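Please read the structure below before turning to the comments.
The values are calculated or read from the model by the stated rules, or taken from the named source; none is laboratory data. Bear in mind that the values here come from a model prediction, so they are computed numbers and not experimental data. Cβ: placed from backbone, ideal geometry, glycine included. Neighbour counts: every protein chain shown. Heads up: the accessible areas ignore ligands, DNA and RNA and are worked out on the full protein's heavy atoms, side chains in. Shrake-Rupley method; radii C 1.70, N 1.55, O 1.52, S 1.80 Å.
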Amino acid sequence: MRIAIVDDDPIVCQSLETILTATEAADVLWTANDGDDAVGRYFATPDMHPDILLIDIQMPGLDGLDAAREILERDPAARILFLTTFADRAYIAQAMALGAKGYLIKQDVTAVGPALQAVMAGQVVLGSDVLDKLTGGGDDGADALADDSASPSKRRRASTAGSTPDHGTPSADVAALESTLNEREREVAALVAEGFDNRDIAKRLCFSEGTVRNRVSSALDKLGLTNRTQLAILWINAHR
């Protein structure tokens, strides 16, 4: 796995590179200390794009969110994982609405390696502190992994990434959420927001997993969303 690290603190970049290399979790192609440099390096050699871009939020010049937005506009397949000290709900929502593959808080650097592996496996990764911010509830302290709508359900205590009405987010009106979805879609959306995967939802509602997947896809289409994590935060915002 080839990654790049973007952080305004060179010591953070060096420390992460040392740890990830020593543990053979990833090969670090390059590091950058601001968003402008990150965008430039990302597109400097197209055949050497990192598999995952690990990026901070607040940096001088172009910040992490704007850098991620520019990269994803030019390369929608880019995998971007935010690693920051800021657990602000607005930052989290903006990051995930952009299409980021995860959002972690800088607390335990040993969690970064497993998070990178999860992203490579097609999952969306949210730290427990991030989930607490989004749901207003507690967690068991372990990082939570949320699956993409395009992948099979992988782990429970998932979901929550998504959108706010600004910053280029999906166009669905939060106030009209329940009127847009039918009763069965609302049932499924509520359980997605609680962190249940498709298998658990199927058991609770006595559906097949295929039916659950179809209901999730239908809800996403109606709301103009791209993945189940956006559906989760939209539901949370509508009912908080």
Looking only at segment 192-208, which residues are part of a helix (DSSP H, G or I) and surrounded by fewer than 22 Cβ atoms within 10 Å (Cβ to Cβ)? E194, R199, D200, A202, K203, R204, L205
Segment 71-93 - residue that is in a loop (DSSP other than H, G, I, E, B) and in contact with a helix residue (DSSP H, G or I) (Cβ under 8 Å, 6 or more places away or on another chain) and, of those, nearest to D129 (Cα to Cα): A87
Would you mind telling me which numbered condition in (1) surrounded by 15 or more Cβ atoms within 10 Å (Cβ to Cβ); (2) on the phi > 0 side of the Ramachandran plot; (3) not acidic (D, E) A93 fails? (2)
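One line per residue, one yes/no per condition, for (1) in a helix (DSSP H, G or I); (2) at pLDDT below 80; (3) open to solvent by 20 Å² or more (accessible area, probe 1.4 Å):
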position	(1), (2), (3)
G162	no, yes, no
S171	no, yes, yes
G210	yes, no, yes
N214	yes, no, yes
L220	yes, no, no
Is segment 63-70 home to any residue that is open to solvent by 60 Å² or more (accessible area, probe 1.4 Å) and part of a loop (DSSP other than H, G, I, E, B)? no
Restricting the search to segment 20-36, which residues are in a helix (DSSP H, G or I) and open to solvent by less than 60 Å² (accessible area, probe 1.4 Å)? L20, G35
Please state which one of I11, I5 is closer than 19 Å to V112 by Cα, assigned to a helix (DSSP H, G or I) and at pLDDT 90 or above. I11
Within the set of pairs 6+ apart or on separate chains, which have a first residue in segment 1-16 that is open to solvent by 10 Å² or more (accessible area, probe 1.4 Å), a second that is in a helix (DSSP H, G or I), and C-beta atoms under 6 Å apart? M1/M120
Can you confirm whether T45 is free of Cβ contacts under 8 Å to residues at least 12 places away in the same chain and either in contact with a strand residue (DSSP E or B) (Cβ under 8 Å, 6 or more places away or on another chain) or within 18 Å of G102 (Cβ to Cβ) (or both)? no
If you go through R2, R41, R79, the only one that is under 16 Å from L104 (Cα atoms) and touching a Leu at 6+ places or on another chain (Cβ under 9 Å) is R79
For the structure I just gave you, tell me whether E17 is in contact with a helix residue (DSSP H, G or I) (Cβ under 6 Å, 6 or more places away or on another chain) and not in a loop (DSSP other than H, G, I, E, B). no
Go through segment 99-114 residue by residue and tally those that are out of contact with any Ser or Thr (no Cβ under 6 Å at 6 or more places or on another chain) and part of a loop (DSSP other than H, G, I, E, B). 5
